[in-house]
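See below for the structure under consideration.
The values are calculated or read from the model by the stated rules, or taken from the named source; none is laboratory data. These numbers were taken from a predicted model, which means no experiment stands behind them. Cβ placement follows ideal geometry from the backbone for every residue including glycine, while neighbour counts extend to all protein chains displayed. Side chains are part of the model used for accessible areas, which takes the heavy atoms of the whole protein and leaves out ligands, DNA and RNA. Shrake-Rupley method; radii C 1.70, N 1.55, O 1.52, S 1.80 Å.
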Amino acid sequence: MNKAAAKLLVLDIDNTIFDWVSYYVHCMDALFNDLSSKTGISRAVLESQAKEVFTRQTSIEYPFLIQELPSVQKFYEYDANRILEEGVESSRQAFNNEARKHFLPYDGVERTLVEIKNKSDIQIVALTDAPCYVAMWKLKKMGLLDLFEAIYGLSDPVIPVYSGQPMVAQDILIKHLSRKQFDFAGAVRVLPEEYEKPGTRGLRTILMDFGVDPSEVHWIGDNLRKDVLLGKLLGVSTGWAEYGATVDPEIKDRLLAFSPDINVHKNIAMAPADEATPKPDYTLQSFPDLLKHI
Ligand SMILES: [Mg+2]
């Protein structure tokens, strides 16, 4: 039986479209360095408290980390204005300045996606375990957002509240609450936490929304035990982004210093592949390899 023509390309984002681990480790380094140098609080304390906040918020990319750190709250004597103006602002900028240097897709991502869209009527969708807002922010910064028809991700971060007041600078609060964020013309669908990969319900929802059969879908991700497993369970053509699965051991150690193990599993494959590891239908050594399969 011939395979049906592909109608939908579903992409993981982190470590599939860009090097998330390097990006995040460097940005958090900049944030912790700034925070530590202006408060004198050690990096070890900041990192261990960050682990707790990320665990509680169920996301290693929780954007309101600084104002939630107990040592920072204490240093600024629990004064909400000082925490935001002196504690958060420059460290947030340090993160963003570093992010600008790292928001680069892997080689050939944009041209490959444009070529795929041009040669057929394939639609491109993102499926991520990152919060939708964070995923869209990253794609927008990389200039890729408008290539997507839809973004499927987890729920947006909770705004911290302190004595009944939102603990976020007003301009950031407005940005987060605005539904018109990023001028995105496509669809945004927030999936329940329990749809997290390798659960199949996120991808199953996409297939239903787009009215496509598994034989018409290509799904690409870097994590064998999550992305590839779920693709095989659903019977879609499953490509493994092998190039995104290798992490420099030093960078991995730096990531582990501030991230709960459970969150690390969301983003990088921790253990080497063995007999029981799911096998992809095809392996990509680079993103443009996708053109050989679609
Ligand atoms: Mg990934």
When you look at Ala4, is it surrounded by 15 or more Cβ atoms within 10 Å (Cβ to Cβ), more than 16 Å from the ligand (Cβ to nearest atom) and touching a residue at least 60 places away in the same chain (Cβ under 8 Å), yes or no? no
Checking the condition within 16 Å of the ligand (Cβ to nearest atom), surrounded by 18 or more Cβ atoms within 10 Å (Cβ to Cβ), of a type in the set (A, V, I, L, M, F, W, C) and touching a residue at least 40 places away in the same chain (Cβ under 8 Å), which residue from Leu84, Leu11, Leu35, Leu31 passes? Leu11
Failed item, numbered, when Ser215 is tested on (1) within 25 Å of Pro288 (Cβ to Cβ); (2) away from the ligand (no atom under 16 Å from the Cβ); (3) surrounded by 18 or more Cβ atoms within 10 Å (Cβ to Cβ): (3)
Condition (residue is assigned to a helix (DSSP H, G or I), open to solvent by less than 60 Å² (accessible area, probe 1.4 Å) and either at pLDDT 95 or above or of a type in the set (Asp, Glu) (or both)) applied to the range 73-81: is it met by at least one residue? yes
From (1) away from the ligand (no atom under 13 Å from the Cβ); (2) closer than 24 Å to Lys141 by Cα, pick out the condition that doesn't hold for Ser42. (2)
Within the range 89-96, is there a residue that is open to solvent by 10 Å² or more (accessible area, probe 1.4 Å) and under 17 Å from the mean Cα position of the chain (by Cα)? yes
Name the residue that is nearest to the ligand (Cβ to nearest atom), counting only residues in the range 233-251 that are surrounded by fewer than 20 Cβ atoms within 10 Å (Cβ to Cβ) and closer than 14 Å to Ser215 by Cβ. Leu234
Does the range 98-110 hold any residues that are more than 14 Å from Asp146 (Cα to Cα) and surrounded by 13 or more Cβ atoms within 10 Å (Cβ to Cβ), and which are they? Glu98, Ala99, His102, Phe103, Leu104, Pro105, Tyr106, Gly108
Quick test of your reading of the structure: Ala94 fulfils all but one of (1) within 16 Å of the ligand (Cβ to nearest atom); (2) touching a residue at least 60 places away in the same chain (Cβ under 8 Å); (3) small (Gly, Ala, Ser); (4) farther than 19 Å from Leu290 by Cβ. Name the failing condition by number. (1)
Can you confirm whether Leu113 is open to solvent by less than 20 Å² (accessible area, probe 1.4 Å), outside any helix (DSSP H, G or I), in contact with a helix residue (DSSP H, G or I) (Cβ under 6 Å, 6 or more places away or on another chain) and modelled with pLDDT of 95 or more? no
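Residue-by-condition table, conditions (1) among the acidic types (Asp, Glu); (2) within 16 Å of the ligand (Cβ to nearest atom); (3) modelled with pLDDT of 95 or more; (4) in contact with a His (Cβ under 7 Å, 6 or more places away or on another chain):
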{"position": "Asp121", "(1), (2), (3), (4)": "yes, no, no, no"}
{"position": "Pro131", "(1), (2), (3), (4)": "no, yes, no, no"}
{"position": "Tyr152", "(1), (2), (3), (4)": "no, yes, yes, no"}
{"position": "Ile159", "(1), (2), (3), (4)": "no, no, no, yes"}
{"position": "Ile172", "(1), (2), (3), (4)": "no, no, no, no"}
{"position": "Lys180", "(1), (2), (3), (4)": "no, no, no, no"}
{"position": "Val190", "(1), (2), (3), (4)": "no, no, no, no"}
